[in-house]
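The values are calculated or read from the model by the stated rules, or taken from the named source; none is laboratory data. From a predicted model like this one, the values you see are computed outputs, not experimental measurements. Quick reminder, even Gly has a Cβ in these numbers, built from the backbone with ideal geometry, and neighbours come from all protein chains shown.
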Amino acid sequence: MPDILLHLVPHIASGLLYAALGFHFWNTRWRETARPVAPRPMQIWERAAILVALMLQGTGLYDGLFAAGGMRFSFSFALSLMLWLAVLIYWLESFRSRMDGLQPMVLPLAALCAALPVFFPQVHVIANAGAWGFKLHFLAAMLAYSLFTLSALHAIFMGFVERKLHHGKLNTHLASLPPILAMEALLFRMIVIAFSLLTVALGSGIMFSEAIFGKALVFDHKTLFAFASWGIFAALLIGRHVYGWRGRIALRWTLAGFLLLFLAYIGSRFVSEVLLGRI
């Protein structure tokens, strides 16, 4: 088999496994049924299957990012890595908190992003990738992106459950979920951690901009979107602490902040690499 196809196998295999697991969790956790069913926590084999998908995708990411020496990156690898970290964080968090119901949202999205490097294989070499300032900036940024992705999906899912609850249309599976207040507490715990990581990412970008990017900090659209997102999440956390914001208000602010953060890097790289053909 040609080397290029061997490089694609982990991306394809992990994408297919994520998709199959997403369908399985929808079928067993979300699907409407008239039969009374008992709550179904994650089974051992389900956890093991997610771990296998994570290992497959991680192998493909490592090979694509580091196998040729140095570090290469692109919007497709950024999205794949972001969802890989999101699924990993979700998988680890599920051991201590009930995150039932998120699987049919997280796993199909992970399947899509895992396969992106197959369709958009173009990468560019990252300069100064060995500098510790870059490593701090990159790690904090990717973890922040991943946690905010989970937070956005969690907020959407909470809004969905809340609407079902208000209309009295909760099926047996959804009725077995933790109380809305417990789900909301988990949401804000993720946002606090993600906001702290985003602060580190922005702070390290300012302090080590010349060492990381070879030039002083430029206030372009990416930087402005990132700082605008930081401001939105800061306002959300202040509003939560001072005014007790929750429910739809928290949902809207979370999604607005996530959208701006997504546009800050992923959106700009997509336009540059795919629409404009710049690497």
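Observations on the structure shown:
- Considering only residues in segment 43-92 that are crowded, with 21+ Cβ neighbours inside 10 Å and of a type in the set (Ser, Thr, Tyr), the one that is farthest from Phe25 (Cα to Cα) turns out to be Ser74.
- Restricting segment 123-176 to residues that are hydroxyl-bearing (Ser, Thr, Tyr) and either touching a helix residue (DSSP H, G or I) at 6+ places or on another chain (Cβ under 7 Å) or buried (at least 16 other Cβ atoms within 10 Å of the Cβ) (or both), the residue that is modelled with the lowest pLDDT: Ser176
- Selection from segment 83-104 of residues that are small (Gly, Ala, Ser) and at negative phi: Ala86, Ser94, Ser97
- Residue check for Pro108: assigned by TED's automatic domain parsing to the domain that holds Leu85, modelled with pLDDT of 75 or more and in contact with a helix residue (DSSP H, G or I) (Cβ under 7 Å, 6 or more places away or on another chain): yes
- Checklist (1) over 26 Å from Ser80 (Cβ atoms); (2) among the charged types (D, E, K, R); (3) at pLDDT below 70 applied to Arg269, failing item: (1)
- Among the residues of segment 93-122, those identified as in contact (Cβ under 8 Å) with a residue 60 or more places away in the chain, surrounded by fewer than 20 Cβ atoms within 10 Å (Cβ to Cβ) and polar (S, T, N, Q) are Ser97, Gln122.
- Unique match (being loosely packed, with under 14 Cβ neighbours inside 10 Å and modelled with pLDDT of 85 or more) among Leu224, Leu181, Leu186: Leu224
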